[in-house]
Amino acid sequence: MKNLYICKLLYLGQPNNSKWASSLDSSHAGLQEIRHRILETEKLKNCFECGICTASCSMAEMLGKEYSPRKLLEDIYSNPEKALTSEALWVCAWCYRCHSRCPQGLKVPEIFLFLRKIAVERGQTQAFDKALQRIVKNIPLPLVATFVCYHPERAGLKNEQVIKRIEQLREEFVNMRKSRTHKVSKAKIAIIGSGPAGLAAAYELGKKDYNVTVFEALSQTGGMLRKGIPQYRLPKKLVTEEIDFIKDLGVEFKTDTQIGKNLSFEDLEKQGYRAFFVGTGAHKSHKLNIEGADLKGVVNALDFLWGANLGKKIEVGLRVVVVGGGNVAVDAARTAHHLGASEVTIMYRRSKDEMPANAREVEDAEQEGVRIEFLVSPKRILGKNGRVSEIEYVRTRLDEPDETGRRKAIPIEGSEFKLQTDEVILAIGETPNLEFLPKDVELNDDGTLWINPLTMETTVPGFFGGGDAATGPASVIEAIRDGKRAAESIESYLRSTNEE
Ligand code: FAD
């Protein structure tokens, strides 16, 4: 390994003459601008090289030794010219796990994006195509991942061109497969839930000619890709294309089939299923326990978004209040705005710094005219003739961090105020609903599925799980990673039981 420590001492000693500074100074962006734009320059100097970023990175896990964010940071620091032309620069999928685990709180994805922009400015994008080839070969759902994870448009690349290239690369993959003999395994595998976790597991197992069926409770496949993420951020045509590709591998899909209701595990076992993957996500919305929460016009965000994504004619109020501060709240607010609401206000009990929603989505929402009121907590919802008419709020102040690590919001007595509204959308969090599982499958205290982090197996042999059902609400790329990891373990399990 290069002596990064010495490099750092040199850098700290002579900030204006560092290799890092001088090599980038010659690019289109000047040194001052670079300093200004790399938000975390100071922290990057103090990177401990602990490797937590790489250890927590979904992409590093899926691509193996070929990708290490820690190594890329080292290159950015000591040899930025190399970093600018490296395939690795284009691999980060923006899940921010590295940032949330980094002892220095480095905004690693932002640093990579910054360099990507410089590479595009300089016309040095050859490495991007190489990265794309690796992504298509190793990452299930590359079209979806491009839209919701890699965001090439943020670096200045055209999404349409990227999609065209992915389709071309997949065509090559299909042609390669056609020349192989098709041998279907005798063991049947049931995948419960058709979100990215289930789809990734189905893709990996289908690629190896296992006999796979995906059971989906809803009328359409795709999980949150179809139900939650709005059309303007993820065109549903791409979700359909990804799923058609998996169907072409021989995977069967059964919609309107809720396991635990329409079919039991005994039924599945009788039908010859020998391994199960639980990828049922987190779809149970938290309830708001305040007066008026059951009035007409109070809806939960997932139902609201699902209706909008189905293209249903939704009557959206003119003055909409969204309660919450995560991505779901921001998507619901923007969707309400797109559907014609004239005044949309997000009410969040903590400050902007604590807001869990992606900063870019928040920025976009504000630019579209969505108003965000920070440090406020709903007290009661008032109605007229059974329908919501006003919401009463109390201002909050932040106290010490609670068990989640975020600062507690304490109501300030006497600071109540009211806001007129004709629709309240609740986006205060979701949890998995795993009541349908056999009793021996153990859950964590927070209601998520307990899985062995290495094998993805639950407490019952042959039952595997992953995605939001196991992590709680997370991200598409993490769900894909879980599905891919579980597929490997399912294969080993079937081999070990001679049921392959
Ligand atoms: P899901 O996608 O939730 O899929 C689970 C599926 O299982 C569902 O289709 C459900 O109907 C089905 N199911 C449940 N129970 C049963 C049963 N008993 N029988 C059969 N089927 C069942 N992530 C990002 O990375 N980027 C984003 O921009 C982003 N935006 C988001 C916006 C919104 C509004 C939401 C809600 C989420 C967003 N996410 C985003 C998070 C991401 O969508 C999820 O982390 C991901 O979809 C989880 O995948 P999953 O496969 O675990 O579960």
Got a sec? What order do ASP209, ASP445 fall in by accessible area at 1.4 Å, biggest, i.e. largest, first?
-> ASP445, ASP209
Percent accessible area from carbon and sulfur atoms, the chain, protein chains only, probe 1.4 Å = 49
In what sequence, largest accessible area first, do MET224, MET176, MET347 appear using a 1.4 Å probe?
-> MET176, MET224, MET347
Charge sum, other residues only, whose C-beta stays under 12 Å from PHE147's C-beta, Lys/Arg counted +1 and Asp/Glu -1 | 0
Go through TRP450, TRP94 and list them by solvent-accessible area, largest first, probe radius 1.4 Å.
-> TRP450, TRP94
For the range 114-127, in residue order, the Karplus 3J(HN,Hα) values (coefficients 6.51, -1.76, 1.60; θ = phi - 60°; whole Hz; Gly and Pro = x) are 4, 5, 4, 4, 5, 4, 5, 4, 7, x, 9, 10, 4, 5
Amide H proximity to LYS284 below 5 Å, modelled H, separation 5+ or other chain, gives THR431, ASN433
Phi-derived 3J(HN,Hα) across the range 87-103 with the Karplus relation (6.51, -1.76, 1.60, θ = phi - 60°), rounded Hz, x for Gly and Pro, is 4, 4, 4, 9, 9, 4, 10, 6, 8, 6, 4, 4, 5, 6, 9, 5, x
Protection proxy ranking, peptides 112-122, 286-296, 380-390, 466-476, average beta carbon neighbours within 10 Å, highest first = 466-476, 112-122, 380-390, 286-296
CD proxy at 222 nm, helix term only [per DSSP H run n ≥ 4: -39500 (n - 2.57); per residue of the chain; nearest 500] | -11500 deg cm²/dmol
Accessible area expressed per residue, the range 274-431, with surrounding protein chains retained (probe 1.4 Å, Å²) = 49
Given the protein chains as shown and a 1.4 Å probe, how many square angstrom of HIS99 are accessible, to the nearest 10?
-> 50
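The values are calculated or read from the model by the stated rules, or taken from the named source; none is laboratory data. Predicted model, so just to flag it, every value in this text is computed and none were measured. Glycine also receives a Cβ, built like all others from the backbone with ideal geometry; neighbour counts cover every protein chain displayed. For accessibility, only protein heavy atoms count, side chains too; no ligands or nucleic acids. Shrake-Rupley method; radii C 1.70, N 1.55, O 1.52, S 1.80 Å.
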